[in-house]
1. For region B:100-125, give me each residue that is farther than 28 Å from B:Asp81 by Cβ, in contact with a strand residue (DSSP E or B) (Cβ under 7 Å, 6 or more places away or on another chain) and not polar (S, T, N, Q).
2. Suppose the filter is closer than 17 Å to A:Gly13 by Cα, assigned to a strand (DSSP E or B), modelled with pLDDT of 95 or more and within 11 Å of another protein chain (Cβ to nearest Cβ); does A:Leu121 pass it?
3. Pick out the one residue from A:Val100, A:Val80 that is modelled with pLDDT of 95 or more and either within 10 Å of another protein chain (Cβ to nearest Cβ) or out of contact with any Leu (no Cβ under 7 Å at 6 or more places or on another chain) (or both).
4. Say whether the condition of being of a type in the set (A, V, I, L, M), part of a loop (DSSP other than H, G, I, E, B), touching a residue at least 40 places away in the same chain (Cβ under 8 Å) and more than 19 Å from A:Asp17 (Cβ to Cβ) is met by at least one residue in region A:81-90.
5. Which of the residues spanning region B:100-142 are surrounded by fewer than 18 Cβ atoms within 10 Å (Cβ to Cβ) and over 20 Å from B:Leu161 (Cα atoms)?
6. For region A:104-117, check the following and say yes or no: at least one residue is more than 30 Å from B:Asn79 (Cα to Cα), within 7 Å of chain B (Cβ to nearest Cβ) and open to solvent by less than 20 Å² (accessible area, probe 1.4 Å).
7. Looking only at region A:6-32, which residues are assigned to a strand (DSSP E or B), open to solvent by less than 70 Å² (accessible area, probe 1.4 Å) and either at pLDDT below 95 or not β-branched (Val, Ile, Thr) (or both)?
8. List the residue pairs whose Cβ atoms are under 7 Å apart, where the first residue sits in region A:54-75 and is at the interface with another protein chain (Cβ under 8 Å from one of its Cβ atoms), the second is open to solvent by 10 Å² or more (accessible area, probe 1.4 Å) and of a type in the set (Phe, Trp, Tyr), and the two are 6 or more positions apart or on different chains.
Amino acid sequence: MPEPTAVRIPALGVDQDLIGLGVATDGTAEVPEDFSDVAWFAPGGRPGSRGPTVLMGHVDSTAGPAVFYELRDLTPGDTVELTTADGSVATYTVTGTEQVAKDTFPTAAVFGATTEDVLRLITCTGAFDAGARSYTDNLVVTAARTG
Amino acid sequence: MSRTRTRTALLRTAVVTGAAGALALTAVGPAAAETEVAEPATFTSAFTAMATPDTVIDNDGVATPGEPGASGTFTYRINSDTEVICYDISLTGVTPPYQSPAKTATHIHEAAAGQAGPPRIAFPNPEDDGTGRLVSSGCLQGPFTTGVAPDGTDTGQGFTLDQIEANPSAFFTDTHTSAYAAGAVRGQLTEIPVGGVETGAGGTSAAADQGSTGTVVASVGAAALLAGGGAVALRRRAQQQ
């Protein structure tokens, strides 16, 4: 299956090329260095095969809003389009949003293999721990393949 | 290669020998075995596998399709410092009874895609969660034993979890039933991230400027409550799809 190359979220005005990232040496997810980039977890699923296809983007930089700042505003029924390397577009429809604590992150439920072609969009939320320079929670939006 | 072949041949002998043979083989195994433990606070790695019938290989290395229409999602979180592996397994369309010469029929084996290899860890078999889906979850702490000891040494002996971290694609996971003894479903392990995703630098966070301890503690408490519900909701939804 061709890899996804770009994401479009009409409800949020997001239209970005994707960068493929993987797992960092400490076992955590690699995230974009640029706050306007959206990462695709390249070793995971991709449109047209088993899921999940996982996208990650920052909620903010040190200065202000970043690419997934408005991710929290997505509601069930909103669409997310992924363009793939062969030029086709896979459409997903949001089914729900969950807030999960990072220290009890549900790895299996978010990154674990799925039989269905599902998409997950991840950013940060919750309280900002200024000492750790990190938000306490992640926001996880799930969308099902609909076109 | 010759070492792999020898192991495969011996494993085949164990399978052919059947239950009586397995009992005899188990008797020579070491006394130490894995124990169920509580979930650790941190993990060093995580792996997942989409298990399907079409990838099943028998002990002769011959493609032997498993149960038609069945699938399984196997996700493992590892703490290789404390030798703990947590498992979240869900099967759809797999029909028990389970059957294996090992002490359970749900395993991580050591072998690349398209090849046969010995079990290294045996997990509790998935059972009906009340919805018709077969699930198994928990955490095991090594040293591990499988109950299969074709040459007098348990195939779990000498195995440590950092071997999976060093080369995950050299391991696969599967479950065996009496109708599909070579495996009902099988999938190679692929690495996924552990822990939360660091996708924010705080530039829009009010808390970053407030510095009020009371406010921060209250938000953390609320987040924790939501997190519990969130995890459950995600699982429920995965179930419905």
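The values are calculated or read from the model by the stated rules, or taken from the named source; none is laboratory data. Note that this is a predicted model, so its numbers are computed, not measured. Neighbour counts run over all protein chains shown; Cβ positions are idealised from the backbone, glycine included. Surface areas here come from the heavy atoms of the whole protein model, side chains and all, with no ligands, DNA or RNA. Shrake-Rupley method; radii C 1.70, N 1.55, O 1.52, S 1.80 Å.
1. B:Ala105, B:Ala113, B:Gly114, B:Ala116
2. Here the answer is yes, as A:Leu121 does meet what is asked.
3. A:Val100
4. No - not one qualifying residue is present in region A:81-90.
5. Scanning region B:100-142 gives B:Gly114, B:Gln115, B:Glu127, B:Asp128, B:Asp129, B:Gly130, B:Thr131, B:Gly132, B:Arg133, B:Val135.
6. No, region A:104-117 has no match at all.
7. Within region A:6-32, A:Ala6, A:Gln16, A:Leu18, A:Gly20, A:Leu21, A:Ala29 meet the criteria.
8. Sorted first by the residue in region A:54-75, then by its partner, the pairs are A:His58/A:Phe35; A:Val59/A:Tyr69; A:Asp60/A:Tyr69; A:Ser61/A:Phe35; A:Ala66/A:Phe35.
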